[in-house]
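Since the structure comes first, as structure tokens, the remarks are kept for the end.
The values are calculated or read from the model by the stated rules, or taken from the named source; none is laboratory data. For clarity, every value in this text was computed on a predicted model and none was experimentally measured. Here the Cβ is made from the backbone with ideal geometry for all residues, glycine too, and neighbour counts use every protein chain on show.
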Amino acid sequence: MTALLARWAECVFWLARYVERVENLARILEVQETFARDSRGRHDWGMVLAINADTGRFLARGTPPTAESVLRFYVIDRDNPTSIWSALHAARENARALRPLISTEMWIQLNVFHNRIAALGPADVVEERVARLCAMIKEGCDTHAGITAGTFYRDEAACFYQLGAAIECADQTTRLLDAKLLGMPQGGDGDPGGAADAAYWTALLRSAAGYQAFRRRHPRGMVAEQVAAFLISDPCFPRSVACNIGIVAEQLERLRRHYGLRQAAAALERVEAIEDTLEVRKVRALMATGGMHRFNDHLQASLIDLTRLLGRSFFGHPPSGADAA
Amino acid sequence: MAEERPDGAFRGYDPRGWFCEMFGHDGEGLAHTRPVRERLDRLGLEALRQRARDAEIELYDQGITFTVYSDRNAIDRILPFDVIPRVIGPSDWDLIERGVIQRVRALNLFLADVYGPQRTLAEGVVPAELVLSNANFRPAMRGMLPPAGTWIHVDGTDLVRGADGRFRVLEDNARTPSGVSYVVENRHLIQRSFSDVMRDLPIRPVSDYGRRLHEALCEVAPPGVLDPKVVLLSPGVFNSAYFEHVFLAREMGVPLVEGRDLLVEDDRVWMRTVAGPVAVDVVYRRIDDDFLDPTCFRPDSLLGVPGIVEAWRRGRVTLANAVGTGVCDDKAVYAYLPRLIRFLLAEEPILDNVETWICREPQALAHTLDHLSEMVVKPVGASGGYGICIGPRASRAELEACRAALLADPANYIAQPMVALSVSPTLTEAGLEPRHVDLRPYAVTGKSTWVLPGGLTRVALQKGSLVVNSSQGGGSKDTWVLAEEVA
């Protein structure tokens, strides 16, 4: 019988999610800087805003999306809830609440990592330093993942950690794909399947650390349907939606069978329903018929629903409908 | 001075007439500190400074910090740490240990009496109104019989050492004394950076505090509970002592809960887990009485657990420390502790109080008025610390105001001579300098009392300052209690 505090389960779930978010954002910024250029060699920093659905909020500030303004917005802006600073701060505050549960090594690394990001000033966040900065941030996240794998006691708390990381990663991958799909009409140069389009897909795969992996699966070519199917359905690519949904199912199953948490059954049903939609055949058909964006929306909504269900089943949230009480 | 190395760390060190923890009365050097002194001296100032800088970075990285929250930012501050240890010899420690245990016994018996037959009040050992009208007296607790008769499970006794080198009690902390995490973490830090200075010295370990505390808490679980579930109840991450709560929960291996994690049903306390409610038997609470239970004390408290005090009263859960202990660590009751020890234990106090004049007594009032410019006059009311008059540092007008206040309401005051706090060599920009220190040993009581062989040495880092509180520029030192005399 498990006695994990409900609040701790929720904190550890979100700790994993926030670190995952930091890592994704660092990848997107780095790829943007290195690879994503339009036909005239200019960066389209608006795409980063689109991926994160922040375009409206950013433009409302009255600043044009330049390298500098977007980078500051996403790295050090403490008023922007989607900045790396904000996500890392949230991760560290969750870790602070979890200090008796997580290993000392996990806490120290996150604390030092956070303090290093908090010490960055505007002069550190300029275009020519982005690559190094993003490498440092990714390394911080990877170190966190490594320390967690090596030191975090693998009881039910670790299940909630894995759930958080996997759900966030799946969500980020759908957003990444979506940004490309939304960006296509105005982003490319009116030549779907052409050189610029292939460059875009390449950049996108790189931002998911998936270019080499994709090449192992598809040694030649760069077709939209293949990339989408790879990102959504590939069972071996660690950042694909299918791979992460698989982890979610595994962990829920572990909670149900190993720790006797029968509430996991309802969440498992939802996850199985999501899994059904991820078959390669279905994804290719969606791409062919232009239904991919709607599908991504649906996936994101399903993940939000799943998170809410976890809240009610494990974190002590009130049943739906009672939220206002 | 015994050491005369031209490049030694202690070169030029001068305790300026204060009693020095390293060198004693006359600067000759206390026998039990000799190996430490010589090794530190040989290291030299530069090495000490380098190690001090490393230690500070380590504290910051590990988040051994108290956090100051502003609008958006959480600023982590470390409690300043001085790397020069304070060394206590075995005979001094023996006295401290026996004295603290005696004091805890007396305080527990006094609480049992105050919330029981009130003999000490009826027989005038302590003036009844001092207790009954005390803001920290909880009349609703009358008749309570906590397991093993223990009300104060964790006690901190503030000791000072005067010019004569004797330890005296300045204050009892019987509510939720804090600081013990620094004792253990300071030691870990020193072990990492000063292993050469510690080598082969019989320094008593402090690292099993958590295990001892957990055992003591299990001893006082409600009767009939075989495998008690202990939790630590904290106000949460915004509390300045949150690091200590984390530390203790981790060391004890118990959940660190907040009020919202607990609920009371059928007079039992339950913890909200992913598998639903789990019963809790012992709550080590680091929340003051006032905030503990909105149905009992402050109704606006969001930190507490509604109904927990009633569950405790019915003996279904143990609260450590018990509710209502604040009545015995009050400045006014403190003055009566020597008399209470004689009355309740039929023993002479092993550790004296700082000489205290109880101004409600005419002779004491007369003495205080005659020596006002030499005394520290403290109001005994609930708002301790407020309105203290330090005679030697007061202006003529302040002294006159104090005299008028004393005459108007003598019962509201105690007076003490100005204590010449001992000093300990401390690393400053100018080299090793004497700085004033006190000592807080921690006593853990389940069925019996155990005193952590160490304690928190607080140091006033400002030159000449006698104020060791962390809020006013105080820091801490590692405290080494030696198991045997060293040759």
Looking at the stretch B:346-369, is at least one residue on the phi > 0 side of the Ramachandran plot, modelled with pLDDT under 95 and of a type outside the set (Asp, Glu)? no
Which residue is nearest to residue A:109 (Cα to Cα), if the candidates are limited to the stretch B:52-108 and must be at pLDDT below 85 and assigned to a loop (DSSP other than H, G, I, E, B)? B:63
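Matching residues to (1) surrounded by 24 or more Cβ atoms within 10 Å (Cβ to Cβ); (2) at pLDDT 95 or above; (3) touching a Cys at 6+ places or on another chain (Cβ under 8 Å); (4) under 30 Å from residue B:56 (Cα atoms):
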site: A:27; (1), (2), (3), (4): no, no, yes, no
site: A:35; (1), (2), (3), (4): no, no, no, no
site: A:54; (1), (2), (3), (4): no, no, no, no
site: A:111; (1), (2), (3), (4): no, no, no, yes
Return yes when residue A:312 is within 14 Å of chain B (Cβ to nearest Cβ), without any contact (Cβ under 8 Å) to a residue 24 or more places away in the chain and under 28 Å from residue B:273 (Cβ atoms) and no when it is not. yes
Can you pull out every residue in the stretch B:202-225 that is more than 22 Å from residue B:59 (Cβ to Cβ) and not in a loop (DSSP other than H, G, I, E, B)? B:211, B:212, B:213, B:214, B:215, B:216, B:217, B:218, B:219
When you go through B:119, B:138 one by one, which is the residue that is of a type in the set (Lys, Arg) and within 23 Å of the chain's Cα centre (by Cα)? B:138
In the stretch B:226-243, the residues that are at negative phi, within 11 Å of another protein chain (Cβ to nearest Cβ) and not in a strand (DSSP E or B): B:229, B:234, B:237, B:238, B:242, B:243
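For the stretch A:255-267, name all the residues that are in contact with an Asp or Glu (Cβ under 9 Å, 6 or more places away or on another chain) and surrounded by fewer than 18 Cβ atoms within 10 Å (Cβ to Cβ). If you could, list the steps in order and put the result at the bottom.
Step one: of the stretch A:255-267, the residues in contact with an Asp or Glu (Cβ under 9 Å, 6 or more places away or on another chain) are A:255, A:258-259, A:261, A:264.
Selection gives A:258, A:259.
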1 or more residues within 11 Å of chain A (Cβ to nearest Cβ): qualifying strands (runs of 3 or more DSSP E) within the stretch B:248-321: B:262-265, B:268-273, B:276-280
For the stretch A:83-92, indicate whether the set of residues that are in contact (Cβ under 8 Å) with a residue 12 or more places away in the chain, among the charged types (D, E, K, R), crowded, with 19+ Cβ neighbours inside 10 Å and touching a helix residue (DSSP H, G or I) at 6+ places or on another chain (Cβ under 9 Å) is non-empty. yes
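Could you check the stretch B:278-293 and list, in sequence order, the residues that are within 16 Å of residue B:264 (Cβ to Cβ), crowded, with 20+ Cβ neighbours inside 10 Å and in contact with a Ser or Thr (Cβ under 9 Å, 6 or more places away or on another chain)?
Once the filter is applied, which keeps residues that are within 16 Å of residue B:264 (Cβ to Cβ), crowded, with 20+ Cβ neighbours inside 10 Å and in contact with a Ser or Thr (Cβ under 9 Å, 6 or more places away or on another chain), the stretch B:278-293 yields B:281, B:282, B:283, B:285, B:287, B:292, B:293.
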Mind listing whichever residues of the stretch A:259-272 are in contact (Cβ under 8 Å) with a residue 24 or more places away in the chain and either touching a helix residue (DSSP H, G or I) at 6+ places or on another chain (Cβ under 8 Å) or more than 14 Å from chain B (Cβ to nearest Cβ) (or both)? A:259, A:261, A:263, A:264, A:266, A:267, A:270, A:271
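From B:263, B:302, grab the single residue that is of a type in the set (A, V, I, L, M), under 16 Å from residue A:316 (Cβ atoms) and surrounded by fewer than 18 Cβ atoms within 10 Å (Cβ to Cβ).
Of B:263, B:302, the one residue that is of a type in the set (A, V, I, L, M), under 16 Å from residue A:316 (Cβ atoms) and surrounded by fewer than 18 Cβ atoms within 10 Å (Cβ to Cβ) is B:263.
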Residue in the stretch A:146-169 that is surrounded by the fewest Cβ atoms within 10 Å (Cβ to Cβ), counting only those that are outside any helix (DSSP H, G or I) and of a type outside the set (Ser, Thr, Tyr): A:154
Kindly evaluate residue B:99 against the criterion of being surrounded by fewer than 17 Cβ atoms within 10 Å (Cβ to Cβ), out of contact with any Cys (no Cβ under 9 Å at 6 or more places or on another chain) and not basic (Lys, Arg). no
I need the full set of residues from the stretch A:90-105 which are under 23 Å from the mean Cα position of the chain (by Cα) and of a type in the set (Lys, Arg), in order please. A:92, A:96
Elements of type helices (runs of 4 or more DSSP H) contained in the stretch A:55-145, each with 2 or more residues being in contact with a Ser or Thr (Cβ under 9 Å, 6 or more places away or on another chain) and farther than 30 Å from residue B:261 by Cα: A:55-59, A:67-75
Selection within the stretch A:214-255 - of a type in the set (S, T, N, Q) and either under 18 Å from residue A:202 (Cα atoms) or within 14 Å of chain B (Cβ to nearest Cβ) (or both): A:226, A:233, A:240, A:251
Does residue B:221 qualify as being in contact with a helix residue (DSSP H, G or I) (Cβ under 8 Å, 6 or more places away or on another chain), more than 14 Å from chain A (Cβ to nearest Cβ) and either under 15 Å from residue B:254 (Cα atoms) or of a type in the set (Gly, Ala, Ser) (or both)? yes
